[in-house]
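What follows is a short report on a single structure.
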Amino acid sequence: MMQLVQDIIGLALVLLGLVFMALGSLGIVRLPDFFSRTHAASKVDTVGIVVVLFGIAVLEGFTLDAGKVLVAAVFIMLTNPVAAHALARAALKQGIKPWRRNQAPATPPKD
Amino acid sequence: MSGIVSFLIILVVVIIAIPFYRVINGPTVFDRLLAIGAIGGKVIALILLFGLLFDRLAMFVDIALGYAILNFIAGIAMAEYFRLRREP
């Protein structure tokens, strides 16, 4: 009984994280310019990966490996937005213009 | 349980395949780097799901931690390199 509840909670967390990861991937493909793509790659993807790792820790149970998975989740929570921020800062210093509504789009919209 | 984990692994592989569009024809080099970083982040979840599938999570957790550290260092290093590079 306890094992069944643990499996259901863990699988629900993993599926919720997969939904967030799919939305982040679609945002990377569909958003109109580089600076808006960094939103999809930093925030949504971080939430997705961290929730998937929480689900894996719940599926594993109360062991040392679950603690290591939680350490990996905290590490990703700290470092993934920092990497995306460094890339966005490098692009701004390099001279890429942010996209605005009432100008010609920097990248032509492709479907 | 093993069948469910295999299904989850297939879903993660499909999700990882989506940003390769941005890697292949991103307009700038930063788009490609961003998509590579996002793929690397998702591969960590894929490695841990493989650990659940093979019932060897103790080994795969260490691989996932090393992969996360390498992904972060590579992202920071390439961002600095392309910030300091002069356009020809």
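Each value in this text was obtained by applying a stated rule to the coordinates, not by laboratory testing. On a predicted model such as this, the values are computed, not experimentally measured, just so you know.
So the values come out like this:
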read-out: Residue of B:Ile18, B:Ile47, B:Ile36 that the Gaussian network model of chain B assigns the largest fluctuation, springs spanning Cα pairs under 10 Å; value: B:Ile18
read-out: For chain A, convex hull volume per residue from C-alpha positions, Å³; value: 94
read-out: Kyte-Doolittle at least -0.5, axis length at least 27 Å by Cα - qualifying DSSP helices, chain A; value: A:2-30, A:64-94
read-out: Max mean-square fluctuation residue, GNM over chain A, Cα-Cα springs under 10 Å, options A:Leu53, A:Leu23, A:Leu78; value: A:Leu78
read-out: Expected 222 nm ellipticity per residue - DSSP helices of 4 or more, -39500 (n - 2.57), all of chain B, to 500; value: -29000 deg cm²/dmol
read-out: Residue of A:Gly95, A:Gly67, A:Gly27 that the Gaussian network model of chain A assigns the largest fluctuation, springs spanning Cα pairs under 10 Å; value: A:Gly95
read-out: Computed [θ] at 222 nm, helices only, for chain A once each DSSP H run of length n ≥ 4 contributes -39500 (n - 2.57); value: -25500 deg cm²/dmol
read-out: Value of relative contact order over chain B, rounded to a whole percent, pairs C-alpha under 8 Å and six or more apart; value: 26
read-out: Amide H contacts under 5 Å for A:Trp99, placed H, 5+ residues apart; value: A:Phe35
read-out: Per-q log10 I(q)/I(0), the stretch B:2-84, q = 0.10, 0.14, 0.23 Å⁻¹ (Debye; single scatterer per alpha-carbon; no solvent); value: -0.30, -0.55, -1.06
read-out: The protein assembly as shown, Cα convex hull volume normalised per residue, Å³; value: 115
